[in-house]
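Only one structure is covered here, and it is reproduced in the block below.
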Amino acid sequence: MTFQTHQFPYGDDNYGLLMHCTESGLTACVDAGDAGATEAALAETGWRLTHIFITHHHGDHTAGLDNLKKSHDASILGPTTDSAVSALYDIRLSDGDEFEFAGRKVAVIATPGHTLDMLNFYIPEEDIVCTGDTLFVMGCGRIFEGDSDMMWASLEKLLALPDHTVIYCSHEYTLANANFARSIDPDNTSLAARQGAVIELRDNDLPTVPTRLDLEKATNPFLRVDNAKIRAHLGMEQASNAEVFAEIRRRKDNF
Ligand code: ZN
Ligand code: FE
């Protein structure tokens, strides 16, 4: 076990993530929404911050970046797309880029839709992907800057990853997502069982993140747009996957 992760909550419902290699001593944090929370996580683990991976420009992911940059000699990697915080990035990344962190390849997967600058970070050797506000447990991000075709194309990129990929996302939205998922996919027994499991986790104040791609394929309605029962439920048997996705996203926005 030379690669370790440490997830920590901040804000109303955000999660930050530290990733650490015991051999090289390198430590990356994913996003920087709250410098104090990141500092506390670093103090708790005893790890020294060397890298910051930014998924997208929203304040709950970047508000602490300025302070972290001042107090750590860390390399900040963020999207090429300009934003109010992009001047703080040392290295600018776009879709298909690869870089090395602690001897591991990190593949950059652009997943626009929630925002246009959204990047996800995939580390194949560790079977980890950090999905920011694109893919959530039993849900997906609200579409603010892109459109639903764009968001669906982004989710398809994540669907192509290996089933056992562990998914770290940035928010604990799971209970609300499960409720909505039941309204779209009422006959799915895996979903019903998982809803019970996540209610118990939250009752015990435990995170439902990370998740895994095969679990999401079985229970996340936004990844199940080709499912015959969901299509029948929506009266969209003949529609394209992108159209079914758009309808489910529209319903979630109004749920
Ligand atoms: Zn966001
Ligand atoms: Fe967010």
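Structure values in brief
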quantity: Label-to-label distance, nm, for residues given as Thr45 and Asn67 (7 Å Cα→Cβ offset); calculated: 1.9
quantity: DSSP bridge orientation in the chain - percent antiparallel, rounded to nearest 5; calculated: 70
quantity: Nearest-20 debye value, the chain charge dipole, Cβ charges on Lys, Arg, Asp, Glu; calculated: 420
quantity: Full-stretch length increase - Ala160, Thr22 - with 0.36 nm per residue and alpha-carbon distance subtracted; calculated: 46.7 nm
quantity: For the stretch 174-253, convex hull of alpha carbons as volume per residue, Å³; calculated: 84
quantity: DSSP-defined beta bridges in the stretch 11-117 - what % are antiparallel, rounded to 5; calculated: 45
quantity: Histogram of C-alpha separations across the stretch 98-255, 5 Å bin width, %; calculated: 2, 9, 19, 21, 22, 14, 8, 3, 1, 0
quantity: Estimated FRET transfer efficiency (Leu206, Leu116; beta-carbon r; R0 51 Å; 0.05); calculated: 0.90
quantity: Full-extension gain in nm, Lys217 to Phe144, via 0.36 nm per residue minus C-alpha separation; calculated: 23.9 nm
quantity: Whole-percent carbon and sulfur share, accessible surface of the chain, 1.4 Å; calculated: 48
quantity: Sequence of Ser83, Ser154 from largest to smallest accessible area, 1.4 Å probe; calculated: Ser83, Ser154
quantity: Model label zone, Asp187; criterion: amide N under 12 Å from point 7 Å along Cα-to-beta-carbon; scope the stretch 229-245; calculated: 229-234
quantity: Inter-label distance for Thr2 and Asp82, nm, one decimal - labels placed 7 Å from Cα along Cα-to-Cβ; calculated: 4.2
quantity: GNM flexibility winner over the chain from Ala35, Ala110, Ala197 (Cα, springs under 10 Å); calculated: Ala197
quantity: Heavy-atom surface of the chain, accessible at 1.4 Å and reported per residue (Å²); calculated: 42
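The values are calculated or read from the model by the stated rules, or taken from the named source; none is laboratory data. Given the structure is predicted, the values throughout are model-derived calculations rather than measurements. Every residue, glycine among them, receives a Cβ derived from its backbone with ideal geometry; neighbour counts consider all protein chains shown. For the accessible areas, the whole protein counts, side chains as well, though only heavy atoms, and no ligand, DNA or RNA atoms are used. Shrake-Rupley method; radii C 1.70, N 1.55, O 1.52, S 1.80 Å.
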